[in-house]
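K.L.:
I have a structure I would like to understand better, so I am pasting it below and will then ask my questions one at a time.
A short reminder: the numbers here are calculations on the coordinates, not readings from a lab. All of these numbers come straight from a predicted model, not from anything done at the bench. Every residue, glycine as well, gets a Cβ built from its backbone with ideal geometry; the counts of neighbours run over all protein chains shown.
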Amino acid sequence: MVPNIVRIREACKAAGVPVVYTMQPGDQHPSRRGILADFWGTGLTTGRDTEVIDELTPDASDIQVTKWRYSAFQRTDFRQLLAHYGRDQLIVTGVYAHMGCMLSAADAS
């Protein structure tokens, strides 16, 4: 999966398509986790488990959005960011496809 995501990212950069990373921070205060705390407890602690793997580390031209819910559109300015760049389509990849990727893709419509 990782080599394929690397190729997608490189193709986007070559075509001038913005690359956006959405990531949940570690050590979230319980009030920020909401119902996530009911399902998953305190969440990840800050450290390697909350970092992007080396092969996909964002570079200076990439955009990073702090994600607070499964969907990247909830409690973020992601929709406004896409509008700012004149984008109305997404390529969604990631490791939490069963939740985060799926709900972000569904909320994109």
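K.L.:
Any idea which of 58, 47, 28 is furthest toward the positive side of the dipole for the stretch 2-107, if Lys and Arg beta-carbons carry +1 and Asp and Glu beta-carbons -1?
P.N.:
Comparing the listed Cα positions along the dipole, 28 ranks first.
K.L.:
Please get the size of the charge dipole for the chain, origin at its Cα centre, with Cβ charges of +1 on Lys and Arg and -1 on Asp and Glu, quoted in debye to the nearest 20.
P.N.:
Using Cβ point charges on Lys, Arg, Asp and Glu, the chain gives about 260 debye.
K.L.:
Compute the projected area of the convex hull of the Cα atoms of the stretch 64-106, averaged over all viewing directions, and report it in nm² to one decimal place.
P.N.:
Here the figure is 3.0 nm², rounded to one decimal.
K.L.:
Same structure again: Considering the chain as a Gaussian network with a 10 Å cut-off on Cα pairs, which listed residue, 14, 37, 72, attains the greatest mean-square fluctuation?
P.N.:
Result: 14 has the largest fluctuation of those listed.
K.L.:
State the dimensionless ratio Rg/Rh of the stretch 2-107 (Rg: radius of gyration of Cα atoms; Rh: Kirkwood radius).
P.N.:
0.96
K.L.:
While we're on this one: Quote the relative contact order of the chain in percent (integer), defining contacts as alpha-carbon pairs under 8 Å separated by 6+ residues.
P.N.:
Values: 110 pairs, mean separation 27.6, N = 109.
Once normalised by length, the contact order is 25 percent.
K.L.:
Against the longest alpha carbon principal axis of the chain, how many degrees, from 0 to 90 and to the nearest 10, is the axis of helix 2-15 turned?
P.N.:
50
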